[in-house]
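Here is the structure we will look at.
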Amino acid sequence: MNTVPAIELKNITKVFGSIVANKNVCLTANRGEILSILGENGSGKTTLMNMISGIYYPDEGHIFIDGKETVIRSPKDAFEHKIGMIHQHFKLVDVFSAAENIVLGLKDETFNMAAAVKRVREISSRYGFEINPNKKVYEMSVSEKQTVEIIKVLYRGADILILDEPTAVLTPQETEKLFAVLLRMKADGKSIIIITHKLHEVLSVSDRVSVLRKGEYIGTVQTAETSEAELTEMMVGRKVDLNIERSEPKNPVDRLAVSHISCIDREGTKLLDDISFTARSGEILGIAGIAGSGQRELLEAIAGLQHLSEGEILYFDPATGKTENLRDKTPLQIRDLGVRLSFVPEDRLGMGLVGNMDIIDNMMLRSYREGRSAFLRRSEPKTLAEDIINQLEVVTPSASTPVRRLSGGNVQKVLVGREIAASPTVLMAAYPVRGLDINSSYMIYNLLNKQKENGVAVIFVGEDLDVLVELCDRILVIGSGRITGVVDGRDTTKEEIGLLMTKSRYDN
Amino acid sequence: MIATLFQRAIMQGIPLLCGATGEILTEKSGNLNLGIPGIMYVGGISGVIGGFLYESSFMGHKEDMNGFLAILIPLVCCVVGSLLMGLIYAFLTTTMRANQNVTGLALTTFGVGFGNFFGGSLIKLTGSSMPSITLSKTSEFFCQSLPIAEDLGWFGQIFLSHGFLAYLAIILAVGTGVMLKRTRVGLHLRAVGESPATADAAGINVGRYKYAATCIGSVIAGLGGLYYVMDYANGIWSNDAFGDRGWLAIAIVIFALWKPNLAIPASILFGGLYIVHNYIPGIDFSTQELIKMAPYVLTILVLIVISIIDRRENQPPAALGLNYFREER
């Protein structure tokens, strides 16, 4: 086997604010090989590759290309060193044709679209792509867009190709086609780096695997000499004891029954595919999965914010004893039934709070319908805001400070506190501890536990497997919009969940 | 009379065309420059200041004025004035990442005030009893048309009777269209306006394109202001006479679907609609005002029609109005 190193990374470190995205990462990719970079969400895979392709600049460390130390300051520098990156979110101009996108940014030759179209055709036939160079990007399928991205870097003569989660958006057939193309490029002497978290793909296509965990480099193994179990362990790490209290559920009764729900996005891809589960009172139901596997859509479906194509969501009202179908209800009616969503999206302020409004006003976002006067009554929300500040130890100058000025942890406390204050019957919390320090995280866990003891059905979407295993009574694992497993939090392991997460089908 | 209407429609349309071409160029870079009305004012008054200084240095013997300098001085002043306005906009939005709408509206307010202030000052300097400055000799040079125009009847009157700025405006519009559609620079500029992150990843200097497009666009718009005073208004500047033509130019950008070539007939159409009430006999004042609304009504209709047709090519640049910052996350 050819072992001429094409690119070497030594001790690369990158810090965003207080978050360390990459810490002392070392990595080598050889000519004529396919290297997989494996890691969970937030393990720093994409950040690392962005540094090779010039989007970010490393804070520390060195990059060697063909044995020579190289500084990559911009995407342009990366092109000059024949590095091409295919991003997970395609960087294409929608209203341009494939060929126009491909020549975008090139400067050397004379501007001639006809010649460009011809070269695109040549490259396509050489590696076996199927593409019409004159088709507009907005008319293309996801797989075609990806093809354009790949041809774009080949057109520039790239020798090192980086693909960020290339199969995340592809059907199995399209994935096979892609792998065939990759193998042809490998035979042509190119180095290919694939970022992924899908184990079976790693095993089927790559020569070597490098694993990252929480920004740190764990190790590299030959694909031929490894197994799914070893890779999973490298990826999720050994069990860390967190000492989160977990009480036994007290007389649980069914509160929410989700049955066979599916939903479809605009392009016709299934975001949720035949999902069924039951959430019980006095219990924390965890939802684990790779980011973007349908967690958000699932919670939004329950909250009435997502249109369902199939299935129904039954709610067993403890106050009246009646059964209601949430599918026919508006978000407001669902809220009034006591189903509460405290969603913490990627940007914390996105869905729950208004950044420029103060804590009191944000409380009123939920209570503004109360009262009959045309004027707002600020006294009750003010008391509530002050209660939350005291009980949850929110660090803020006053209740009238704009939420935007608070730190991330405090913002999340305000959000979760407000939803809990409405004494819900179902509480959904998505990534409530994302970006929080240890103490604030425990505060949130305790809050959720308290709700559980009060008989609330808690649904907790998390990304840290250690937390899920210690906090939740049952854990639902989803992959690509499907349920791939349901495990008991008390007798499961991280490895088991990790394996289920990377599957895309539920096989008993 | 029809020939006169057409001739006047073109004359009305030229300032609009300059403003629209400049704004299209700017918007293609993703900058929504609502400062165009102000920039056209500044372009106009800067030209007037230059022309005033040159013409008043020949007090009493104006026949000695050099035609070349009489054109060059106001032209350079206009270019410098509007270029500075474009630079302010580009600096605030691209470098400082200020909100584009606020910046643009502030520049319009500033530009109109700037024009009125210096216009008023010049009027005071001349000690004239009229609330206007007249640069009739400079204007004569600007209005100079081909001598054969008069011999060609209605054709000459409509197409050949204009000063050089009118033809320059058409050439600029056609040139901008060709540049956007057929050149590499145009492809890159459109990419910057559609998706700056894509352009950046492709190695295009997003900031440089935004600066260049905004500044050049401002200069083209400023020339519209200059044409208005020197040619259309025969060298007479009076405060607020330029009116709302700048906003009309921005309406044309939408009407012409961001295509400079389409902006040429659109400007002449809008120009014609702006003055057509003078050519319809026997209508009263209120009807006149209603007719003046026609360009805006047309623009709304176009917006409705393009929403119904929903073709991606007819939409504004996707990143219009959004500032770009690479490491935003």
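The values are calculated or read from the model by the stated rules, or taken from the named source; none is laboratory data. Everything numeric in this text was worked out from a predicted model, so none of it was measured. No Cβ is skipped: glycine too gets one built from the backbone with ideal geometry, and neighbour counts run over all protein chains shown. What goes into the accessible areas is simple: the full protein's heavy atoms, side chains included, and nothing from ligands, DNA or RNA. Shrake-Rupley method; radii C 1.70, N 1.55, O 1.52, S 1.80 Å.
For A:T171 and A:V4, FRET efficiency with R0 = 45 Å and r from the beta-carbon atoms, rounded to 0.05? Let's see the in-between values first.
On the way: r = 35 Å, r/R0 = 0.78.
With a Förster radius of 45 Å, E is 0.80.
Once the Cβ-Cβ distance between B:V80 and A:H62 is put in as r, and R0 is 60 Å, what FRET efficiency do you end up with, to the nearest 0.05?
Values: r = 48 Å, r/R0 = 0.81.
Efficiency at R0 = 60 Å is approximately 0.80.
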Angle, helix A:172-187 long axis vs. longest principal axis of chain A, Cα atoms, 0 to 90°, nearest 10? 40
Pull out the extension gain between A:E370 and A:S423, defined as 0.36 nm times the separation in residues minus the alpha carbon to alpha carbon distance; nm, one decimal. 17.5 nm
In whole percents, the bins of 10 Å from zero upward hold the Cα-Cα pairs of the stretch B:145-184 as 30, 34, 23, 12, 1
Order A:R238, A:R404, A:R418, most accessible first, counting only protein heavy atoms with a 1.4 angstrom probe. A:R238, A:R404, A:R418
Cα-based Debye curve of the stretch A:348-423 sampled at q = 0.11, 0.15 Å⁻¹ gives log₁₀ I(q)/I(0) of -0.24, -0.44
For the protein assembly as shown, with the dipole built from +1 on Lys and Arg beta-carbon atoms and -1 on Asp and Glu ones, taken about the Cα centre, which of B:W247, A:H87, B:G207 lies farthest toward the positive end? B:W247
Among all the aspartates and glutamates, which ones have a C-alpha under 13 Å from A:K413's C-alpha, if same-chain residues fewer than 8 places away are not counted? A:E386, A:D387, A:E393, A:D437
So B:F58 and B:Y167, fully extended at 0.36 nm per residue minus their Cα-Cα distance, gain in nm 36.4 nm
Gap separating the Cα centres of the stretch B:230-297 and the stretch A:311-343, nearest whole Å: 57
Cα-centred dipole magnitude for the stretch A:348-423, charges only on beta-carbon of K, R (+1) and D, E (-1), debye, nearest 20: 220
Can you tell me the 0 to 90 degree angle between the C-alpha axis of helix A:379-391 and the longest principal axis of chain A, rounded to 10? 70
Given only helices, namely DSSP H runs of n ≥ 4 each adding -39500 (n - 2.57), what is the per-residue ellipticity at 222 nm of the protein assembly as shown, to the nearest 500 deg cm²/dmol? -14500 deg cm²/dmol
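What FRET efficiency, computed as 1/(1 + (r/R0)^6) with R0 = 51 Å and r the Cβ-Cβ distance, is obtained for B:M293 and A:D387, rounded to the nearest 0.05? All intermediate terms of the calculation are to be shown ahead of the outcome.
Details: r = 56 Å, r/R0 = 1.11.
That gives a FRET efficiency of 0.35.
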Checked against the positive end of the charge dipole of the stretch A:7-236 (+1 on Cβ of Lys and Arg, -1 on Cβ of Asp and Glu, about the Cα centre), the farthest of A:S53, A:G105, A:Y217 is A:G105
Quick calc, the protein assembly as shown, dipole around Cα centre from Cβ unit charges on Lys, Arg (+) and Asp, Glu (-), nearest 20 debye, gives 980
Cα gyration tensor category, rounded, prolate or oblate, for the stretch B:218-307 with a/c compared to 1.5: oblate
B:Y54 - accessible surface, heavy atoms, 1.4 Å probe, Å² rounded to 10: 30
Taking the dipole of the stretch A:348-423 about the Cα centre (Lys, Arg +1; Asp, Glu -1; charges at Cβ), the one of A:A422, A:L353, A:V394 that reaches farthest to the positive side is A:L353
Once both labels are modelled 7 Å past Cα along the beta-carbon direction, what's the A:V15-A:K214 spacing in nm? 1.7
At B:S128 and B:I275, where each label point lies 7 Å from the Cα along Cα→Cβ, what is the point-to-point distance in nanometres? 2.0
Whole Å is fine, so just give me how far the alpha carbon centre of the stretch A:230-292 lies from that of the stretch A:389-452. 21
Starting from the Cα gyration tensor of the stretch B:91-158, take the square roots of the eigenvalues, sort them a ≥ b ≥ c, and report rounded, prolate or oblate (rounded when a/c is under 1.5, otherwise prolate if a/b is larger than b/c, else oblate). oblate
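What longest region of chain A stays clear of chymotrypsin sites (Phe, Trp or Tyr not before Pro) that DSSP places outside H, G, I, E and B and that have at most 15 other Cβ atoms within 10 Å?
Details: sites that count: A:F111, A:Y368, A:F375, A:Y506.
By the stated rule (loop sites, at most 15 other Cβ atoms within 10 Å), A:112-367.
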Roughly how far apart, in whole Å, are the Cα centres of the stretch B:155-192 and the stretch A:11-55? 48
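Select from the stretch A:1-88 those trypsin sites (Lys or Arg not before Pro) which occupy a DSSP coil region and have at most 12 other Cβ atoms within 10 Å, ordered by residue number.
Numbers: sites: A:K10, A:K14, A:K23, A:R31, A:K45, A:K68, A:R73, A:K76, A:K82; in loops: A:R31, A:R73, A:K82.
In loop regions of the stretch A:1-88 (DSSP not H, G, I, E or B), the sparsely surrounded trypsin sites (Lys or Arg not before Pro) are A:R73.
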Nearest-10 value in Å² for the accessible area of A:R482, using the 1.4 Å probe: 70
Could you compute the longest span of chain B free of GluC sites (Glu not before Pro) located in DSSP loops and having at most 14 other Cβ atoms within 10 Å, not counting the site residues? B:1-326
What residues qualify as long-range amide H neighbours of A:T28, i.e. H under 5 Å apart, gap of 5 or more or another chain, H built at 1.01 Å from N? A:L9
Per-residue SASA entry for B:T109, accessible area with 1.4 Å probe, Å² rounded to 10: 100
Round to the nearest 10 and give me the degree value, 0 to 90, for the angle of helix B:36-56's Cα axis relative to the longest principal axis of chain B. 40
